[in-house]
Structure formats: C-alpha cells, structure tokens
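A.B. asks: Provided herewith is a single structure, encoded as structure tokens, for subsequent inquiry.
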Amino acid sequence: MSSERSESLTARYSRLRTRRTTVILVGLTLLVFVLSAPAVLKDTYERGGIYLFSVSFFEDIPKRLTGPGRFRFILQPLTAVILGIRSGLSDARLGNPPYLYGVFFHSERRAELLRSGLETVINLLLMGILMDAVFQWIILGVSYPGAALVVGPVLIMGPYALSRALSNRVSRTRKNEKTLTSERDQVVS
C-alpha cells in the first residue's frame, strides 16, 4: 500500500514540477513579447505592414541560420524527434493508430491525440518560441512575436509529428513480422 502511495506522490510531484516549468516558460515568453511590443509597433507603423508577411522576413532567414542561434536549428528538431519516437513507440504498445493518420482520419481520437502530443512538447514548444524571440533580438536588434510564433513551432511540431507517426508504423510492422514468423514456425513444427 505504501509503495502505491509513494508512486502516486512521485507522479503527482512530477506533474506539478512540469506545470511549474510550463508556467515559468509562458511567463518569460509573455514578458519578452510585452518588452518587444513598442519596437514592433513602431516598426510596423514605419514599414506599413507586419514583419511576418513582408519580404524582410524571408530575407532575414539566412541571418537566423548563420547567426549566434544556429545551433537551435539542430537541437530543437533533434529533441522533437526523440520525443516523437518515444511517443510513437508508446502509441504502438497501446495499439493507437500512427499519429498523423489518427489526427487526420480518426475524428473520435483526434482530441486525445492532439492533447497527448501537446502535453509532450509544450515546454519544448515554449522554449522554441522564447529562443526565437531572444535570438531575433541578438541577430536583428528587434524581436518580432509573430515570427517567433511561426518559426519556433515549425522547428518542433513537424519533426515531432513525423517521427511519432513513423516510429509507431515501424514498431507495428516489426511486431507483425515477429508474429507472422512465430506463427510460421509453429505451423512448420
């Protein structure tokens, strides 16, 4: 009984710690966005449009790839792939459909799959947005929240969704091959 209670308390503490981290990351991200608002509003007024929908956004992409924050273009997708593989293997063990297939074609499971995916990557997603905003300040001299809200999630959600779906598919295929092989061996015996 005490081991069950101990495991329950450990799981609860882990959830609380994760929530606290999420709240801190949301707070920091909002702080960066609020601090960048005056400069962005001035830039939007002078430019006559929003940075995210301008030619400057696309011209600044090479600066992001070669500037001080270029390592995040490797680290964030790699972390997302690792989390996706872990979630995909778990999906395969539970008999869930591959992630993207389930999201697009299983409307009854869509909300559950999206929620589990978001729970897995929320902190990584927030860190991606925060890092993009901070590195914009470093590289470009101003932080554009709209661009950070696009670039950060693209670096994370695409690799996560693909790796989760593919690892599920590969795991299920290997499991089916093992089952077929063992059934064939039994028939031959």
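The values are calculated or read from the model by the stated rules, or taken from the named source; none is laboratory data. Because the structure is predicted, anything quoted here is derived from the model rather than measured. Here the Cβ is made from the backbone with ideal geometry for all residues, glycine too, and neighbour counts use every protein chain on show.
A.B. asks: Quick check on the stretch 95-110. Is at least one of its residues among the acidic types (D, E) and in contact with a helix residue (DSSP H, G or I) (Cβ under 6 Å, 6 or more places away or on another chain)?
C.D. replies: No, the stretch 95-110 has no match at all.
A.B. asks: Let me ask something additional. Check whether at least one residue in the stretch 148-171 is surrounded by fewer than 20 Cβ atoms within 10 Å (Cβ to Cβ), charged (D, E, K, R) and in a helix (DSSP H, G or I), and report yes or no.
C.D. replies: Yes, because at least one residue in the stretch 148-171 is surrounded by fewer than 20 Cβ atoms within 10 Å (Cβ to Cβ), charged (D, E, K, R) and in a helix (DSSP H, G or I).
A.B. asks: Can you name the condition, by its number, that I50 falls short on among (1) exposed (fewer than 15 other Cβ atoms within 10 Å of the Cβ); (2) free of Cβ contacts under 8 Å to residues at least 24 places away in the same chain; (3) not small (G, A, S)?
C.D. replies: (2)
A.B. asks: Next question. Restricting attention to the stretch 73-91, does a residue exist that is modelled with pLDDT under 85 and not in a helix (DSSP H, G or I)?
C.D. replies: Checked the stretch 73-91: no residue is modelled with pLDDT under 85 and not in a helix (DSSP H, G or I).
A.B. asks: So which residues in the stretch 57-72 are closer than 18 Å to P153 by Cα and either touching a residue at least 12 places away in the same chain (Cβ under 8 Å) or of a type in the set (A, V, I, L, M) (or both)?
C.D. replies: Result: F57, D60, I61, R64, L65, G69, R72.
A.B. asks: State yes or no: is L114 under 13 Å from the mean Cα position of the chain (by Cα) and within 25 Å of V40 (Cβ to Cβ)?
C.D. replies: No; evaluated as a whole, the condition is false for this residue.
A.B. asks: Mind checking which residues of the stretch 130-159 are farther than 18 Å from L65 by Cβ and either among the β-branched types (V, I, T) or at pLDDT below 85 (or both)?
C.D. replies: V142
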